[in-house]
Amino acid sequence: MEHKQTPILSGIRQRCGACGEGKLFKGYLKLNDACPHCGRDMTAADTADGPAFFVGFGVLILMAPFLFLVPMSPLPVGLKILAMIGVGVAVTLLCLWLLPVAKGVLLNLQLHHKAQEASFDKPPRNP
Ligand SMILES: [Zn+2]
């Protein structure tokens, strides 16, 4: 069954942006070379460190307040240490959860918009 997918929604679901069915990843972050459902080539796009950048900043903005609130709270020291360990665990789990999502979205957006490496050459003119 073929139905049109937006690159962002299918990326969040970690599915192919063209058919919305085939899985993007064969491992945690290891991409399939082509969509197992429709065969779309996935080697044309390279998200590099883009997903890590966006996830890192998003989680930082979300979790940074706790790095100030926990030490300044009136809790006993033992609870503060436990809370800081909890913040560390939460940061780690959030990043691990969001990384494949961000990579799926960025990859689908690159493929959808036919992103290319930047160059100084003029784009080919239409006849
Ligand atoms: Zn597909």
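The values are calculated or read from the model by the stated rules, or taken from the named source; none is laboratory data. Keep in mind it's a predicted model, so treat the numbers as computed, not measured. Methodologically, a virtual Cβ is constructed for each residue, glycine included, from the backbone with ideal geometry; neighbour enumeration extends over all protein chains shown. Note: accessible area is taken over every heavy atom of the protein model, side chains too, but ligands, DNA and RNA are not part of it. Shrake-Rupley method; radii C 1.70, N 1.55, O 1.52, S 1.80 Å.
Given the conditions (1) within 14 Å of the ligand (Cβ to nearest atom); (2) touching a Pro at 6+ places or on another chain (Cβ under 9 Å); (3) open to solvent by less than 90 Å² (accessible area, probe 1.4 Å), which single one is not true for Pro100?
The one condition Pro100 does not meet is (1).
Within the set of pairs 6 or more residues apart or between chains, which connect a residue that is under 13 Å from Asn108 (Cβ atoms) inside the range 16-29 to a residue that is among the small types (Gly, Ala, Ser) and more than 6 Å from the ligand (Cβ to nearest atom) with Cβ atoms less than 7 Å apart?
Cys16/Ser10; Gly17/Ser10; Gly17/Gly11; Gly20/Ser10; Leu24/Gly104
Pairs only if they're at least six apart or on different chains, beta carbon under 9 angstrom, first in the range 69-96 and closer than 25 Å to Tyr28 by Cα, second surrounded by fewer than 12 Cβ atoms within 10 Å (Cβ to Cβ); list them, first residue then second.
From the range 69-96, the pairs are Leu96/Tyr28.
Residue-by-condition table, conditions (1) touching a Ser or Thr at 6+ places or on another chain (Cβ under 8 Å); (2) part of a loop (DSSP other than H, G, I, E, B); (3) within 13 Å of the ligand (Cβ to nearest atom):
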{"site": "Gly11", "(1), (2), (3)": "no, no, yes"}
{"site": "Cys19", "(1), (2), (3)": "no, yes, yes"}
{"site": "Tyr28", "(1), (2), (3)": "no, yes, no"}
{"site": "Ala52", "(1), (2), (3)": "no, no, no"}
{"site": "Gly56", "(1), (2), (3)": "no, no, no"}
{"site": "Leu67", "(1), (2), (3)": "no, no, no"}
{"site": "Ile81", "(1), (2), (3)": "no, no, no"}
{"site": "Val87", "(1), (2), (3)": "no, no, no"}
{"site": "Leu93", "(1), (2), (3)": "no, no, no"}
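Specify the residue that is modelled with the lowest pLDDT; the eligible residues are those in the range 33-51 that are open to solvent by less than 60 Å² (accessible area, probe 1.4 Å) and over 15 Å from Ser10 (Cα atoms).
Once the filter is applied, the top-ranked residue is Ala45.
Let me spell it out: the conditions are (1) on the phi > 0 side of the Ramachandran plot; (2) open to solvent by 60 Å² or more (accessible area, probe 1.4 Å); (3) not polar (S, T, N, Q), and Leu60 meets all of them except one. Which number is the exception?
Going through (1) on the phi > 0 side of the Ramachandran plot; (2) open to solvent by 60 Å² or more (accessible area, probe 1.4 Å); (3) not polar (S, T, N, Q) one by one, Leu60 breaks only (1).
Being farther than 20 Å from Gln14 by Cα and among the basic types (Lys, Arg): is that true of Lys114 here?
The answer is no for Lys114.
Report, by residue number, each residue of the range 30-47 that is within 12 Å of the ligand (Cβ to nearest atom) and assigned to a strand (DSSP E or B).
Listed by number, the residues that qualify are Ala34, Asp41.
Return the pairs, sorted by first residue and then second, in which the second residue is open to solvent by less than 90 Å² (accessible area, probe 1.4 Å), the first residue lies in the range 39-67 and is of a type in the set (Asp, Glu), the beta carbons are less than 8 Å apart, and the residues are 6+ apart or on different chains.
Listed by first residue and then by second, the contacts come to Asp41/Ala34; Asp46/Gln110.
Out of the range 10-32, which residues are among the aliphatic types (A, V, I, L, M), crowded, with 16+ Cβ neighbours inside 10 Å and closer than 16 Å to Ala102 by Cβ?
The answer is Leu24, Leu31.
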